[in-house]
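What follows is a single structure, written as structure tokens, with notes after it.
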Amino acid sequence: MQFSFLNNLFKSNIKDKALHKIDHLIDDNYIDSVCAKYYPSLSGKNGRRPYLPSILVRIHLLFFIKGFSSFNKLLEAIAGNKDYLTFCNITIQNRKHVPSKGQLSQFRSRIDSKTFDEILSYYVKLSLKYIKKLPLTCVMVDSVPIESYTSNRKKKRCGHDYECDCPLTYTDVDAAKGKRTKTHRKSEYFIGYRKHSIYLYHPESDFRILLASIVKPANISDIEVLESLVKKVIDNYRLHIDFLFADQGYYDFEILKRVLRDYGIKVQVKPKSNATSKVNLNDKKIPICQMELPLQWVEFNELTGEHIYRCHLEHPECECIEHLSCEKLFTFTLDDSPVIFSPIPHHHRASKIFCNIRKLIEVEFAVLCNSYNIGNLKFRREQNFSTLSAFLETARILQKLSNLPELAMT
């Protein structure tokens with residue numbers, strides 16, 4: 001049976017204010033045009049007309065907006081709720097013909113996850129348009145674990161009846177074993193994926209915006225995807241990033257230097273405790289002069305890639321032989337000292353300010369990990385988790401956009 005769909009005239013019937021605001025932000029024409037290449041019969045000339053992609057996308061967005069625990073409960077709720085029916089562009093007369101769980105699964109498998117990333121990027125660009133541009137752009141990269149619905153044992157799944165060299169895999173052939181922070185509810189090791197994301201923080205509006213995310217098997221280290229994430233942000237939004245905050249999982253001296261050289265992004269990361277240095281340092285990792293007195297950091301020269309330090313002229317203990325002729329300036333290149341690699345050394349008080357900014361952005365990863373744990377769903381394969389991740393982030397951006405004063409609706 002072919003659907004008849006609501007006109008925009010009936011959109012005002014949504015009594016849920018949050019859904020009403022989000023409904024007016026969703027561009028159905030854009031979604032249908034992006035997904036049209038996967039549905040040749042949308043024109044009505046070849047076979048029966050399918051569900052419009054915008055309807056199926058709205059159903060997935062509603063799943064994350066309202067925090068349903070399963071798609072079965074979502075579909076039951078849609079059939080019995082007028083606001084949900086109207087939001088999903090389904091008429092009340094056709095409530096018995098709400099798309100089934102199988103049709104939603106077919107929709108996710110038919111369309112490439114990159115297409116859903118395009119839809120996500122569309123709303124990221126919209127959000128960047130409505131926030132004030134800042135003189136200093138700070139972003140943060142981190143990852144969260146995603147558990148896969150798979151067995152804990154590996155075995156051969158090739159189907160050969162003879163001895164072969166085919167690899168042992170889990171039920172989810174894309175999943176891998178990874179490590180996470182151990183809690184009283186979760187073990188230290190898990191089987192699944194990690195979602196690597198870059199978030200932009202806007203301090204004036206307290207607005208945290210996802211810029212890019214990549215879902216990879218859990219055995220792939222954080223640092224391996226850093227350059228891909230940065231390149232994705234630059235290519236999609238042409239955004240100039242000044243500082244990128246990261247934890248020690250993203251510490252790799254050569255890669256961080258390459259990010260600085262190729263993209264001009266200064267990565268602020270705390271060095272590992274076993275990092276060596278050619279420069280003489282004291283116990284607090286501060287460079288020292290010939291008299292083993294601490295030097296004072298002046299600046300980081302982006303053109304030459306050097307840290308500039310100066311001697312304390314007023315230091316009463318300075319009895320250096322070259323006290324009168326020395327210019328009191330010392331330069332250390334990045335190759336000389338990975339320990340003080342970050343653009344702002346960690347022994348400097350300004351580094352503490354950046355740590356506070358990082359904590360404000362870390363809240364977003366905590367919400368992502370706790371409130372919207374898509375690992376609880378019984379899904380497998382990397383493409384499925386990439387698709388669900390795109391829907392989740394799109395829903396969260398729409399919720400944030402609906403709360404902006406510039407887009408507030410009466």
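Nothing in this text is a laboratory measurement; each read-out follows from the coordinates by a stated rule. The structure presented is a predicted model; accordingly, all values stated were derived computationally and were not measured. Counting neighbours? That spans all protein chains shown, and the Cβs are built from the backbone with ideal geometry, glycine included.
Residues whose amide H lies under 5 Å from that of Ala176, counting only those 5 or more places away or on a different chain, are Gly192, Ala218, Asn219; hydrogens are built 1.01 Å from N in the peptide plane.
In the structure shown, do any of Lys182/Lys266; Lys257/Lys278; Lys73/Lys177; Lys37/Lys216; Lys195/Lys231; Lys177/Lys400 have a Cα-Cα gap over 22 Å, and if so which? Pairs exceeding 22 Å: Lys182/Lys266; Lys73/Lys177; Lys37/Lys216; Lys177/Lys400. In this rough spin-label picture, where each label sits 7 Å from Cα along the Cβ direction, the Cys164-Asp262 distance is 3.7 nm. The phi-based Karplus calculation (6.51 cos²θ - 1.76 cosθ + 1.60; θ = phi - 60°) puts the 3J(HN,Hα) values of the range 350-356 at 5, 5, 5, 5, 5, 5, 5 Hz, whole numbers, x for Gly and Pro. Measuring r between the beta carbons of Glu254 and Ala79 and using R0 = 51 Å, the FRET efficiency lands at 0.35. Taking the number of Cβ atoms within 10 Å of each Cβ as an exposure proxy, the fewest-first ranking of Leu256, Leu25 is Leu25, Leu256. For Gln268, the residues whose amide H sits under 5 Å from its own are Leu244, Phe245, Ala246, ignoring neighbours fewer than 5 places away on the same chain, with H placed 1.01 Å from N. Loop-resident chymotrypsin sites (Phe, Trp or Tyr not before Pro) (DSSP state other than H, G, I, E or B) in the range 104-136 with no more than 10 further Cβ atoms inside 10 Å of their Cβ are absent.
Using R0 = 35 Å, the C-beta based FRET efficiency linking Ser273 and Leu239 works out to 0.60. On the basis of the beta-carbon distance and an R0 of 35 Å, Tyr122 and Cys355 show a calculated FRET efficiency of 0.55.
When each of Arg110, Arg194 is scored by the number of other beta-carbon atoms lying within 10 Å, the sequence from fewest to most is Arg110, Arg194. Each of His240, His346 was scored by other Cβ atoms within 10 Å of its Cβ. Listed from fewest to most, they are His240, His346.
Summarising the amide proton neighbourhood of Ile146: residues at separation of 5 or more, or on other chains, whose placed amide H is nearer than 5 Å comprise Tyr193, Arg194, Lys195.
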